[in-house]
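Undergrad: Take this structure first; my questions come after.
Read the figures in this text as sums done on the coordinates, not as results from a lab. Since the model is a prediction, treat every value here as computed from it, not as a measurement. Every residue, glycine among them, receives a Cβ derived from its backbone with ideal geometry; neighbour counts consider all protein chains shown.
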Amino acid sequence: MLDKRQSMLTFTLLCFLQGKGQMRSRVTWDLCWAWYRVLPEAQQMRIARMGFGHLLSVRPFHVDVPYLEALRERWEEDCKAFIMPWGHMIHTLEDVAYLTGLSVQGEPVVGQERSDYYDDIVELLGPEFVAGRRRPIRSILLGSLSEAVGLRSRRRGPLETLDEFCTGVRGALDLGDRSEERSIWIFVSYSFGRLLFATQSSQMNCKFVLLLQDLAQAGRYAWGAVMLGHLFSLLPRSSRHSQSTGGFTPFLQIWGYTRFPMGHGTVVEGRQTMVPLMARWEVAPGPRVTDRRTRDVRVALDHYPHEQVVWTPYAGEADASHPAVAAGRPLFDRHLLLLCLGTCEVLYLELVVRTLGWHQPAIEVPSLGREGHSRRRFFAEDRDWGTDHGSTVAYWREGGEQVVRVTDLLDSSAYMEDYQAWYAGRLRLDQRVCERQMPESQAVRLLEGRLAE
């Protein structure tokens, strides 16, 4: 046991030392998971009915920072896709439903955005969260939410197991004399800011708090679509010069592992039937993860065999085992707009129809159009986004547009020829690094070693 703990400490120190100057994930998953597990059962059940039970049951795993950094470098804002050597790749609503268990169909998250949330914070969370602050109040410190229930600066130590950490959280949690509703509002607000809608800031926009006013109605929202749209909106900002990234990055990580497996995570024996699919994975901070750098992942991705990309990874999964999939399947072959209050992002499913089991037709990316849909909007006065953009909301409620299948294609070769010509300058992101630091033969050997693990 002592040797195991010493190994864990060594791996943690390696992560810290190698992480200097690299991207950091803003997700605080361990605390969200443990906090949820130690809440009274009645509160857990209400949170599960809101649509978050499956996701919060997923046991946290190591965040693979070099892998995520290599992915974010490939994000192309114009088409909302990753530019990979084998073609565009986009995480879709099908991925969200299978991997997270979050609902991808339901009411869009639109509505009121206020210039000052002072009264709302007092009503929902409590007056202590506005004490000493000047108006207007548009954001809330996430640390104040955990501090209010006795979990100030609570972080998992390098030698703590998850279960030991959870026991510590159980002993520290102090809900006081708060009502059940207020305790839920505080927890879910923290989970929004540190997990589902994490940003590059230690504060959370108060617009999310308004969504929780009626806890009984919170389960009607398409939280999975909101999470995906929020991730889309943050990827371009985290792709340029930033040392941290927002959005629910564990989803992005397992999405990549599922589509182009590279030996960094494993599906645990005995978890093959667990739902959602993220619950089946384990990523330990072992040498396979901590000993490599972002440049290693760049090289591995650039040389990844195209024929080994998994376009339809969920074949064989029964809808009956995945409630979010069964409910959301009518949307899986639709072009949609992903709404998240003042943000509206385009899901260009027509670029990745191979995820539907179809051949990919050639598409000119500039012809995709729909300019303006993906602009982020911020208001200096109270606004009802749904009222101001009724046609956009109606587009979601009507199920978007059917993506048309081209049935006379024998393969995707015409698409790949156009794609390689269009992105010729981006398909070897590691080329400069390889020329300076690593010959291609060595890069190939590195990839072969990773795939053999």
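Undergrad: Using alpha carbon centroids, what distance separates segment 171-220 and segment 248-288, in Å?
TA: Each part's Cα centre sits 27 Å from the other's.
Undergrad: Determine how many Å³ per residue the convex hull of the Cα atoms of segment 41-159 encloses.
TA: Spelled out: Cα convex hull of segment 41-159, divided by residues, is 221 Å³.
Undergrad: Starting from the Cα coordinates of segment 150-192, work out the convex hull volume and express it per residue in Å³. Could the numbers behind the result be given before it?
TA: Numbers: hull volume 3.5 nm³, N = 43.
With only Cα atoms used, segment 150-192 gives 82 Å³ per residue.
Undergrad: If we sort 187-197, 313-323, 333-343 on the protection proxy, mean other Cβ atoms within 10 Å, highest first, what's the order?
TA: Highest to lowest by the protection proxy: 187-197, 333-343, 313-323.
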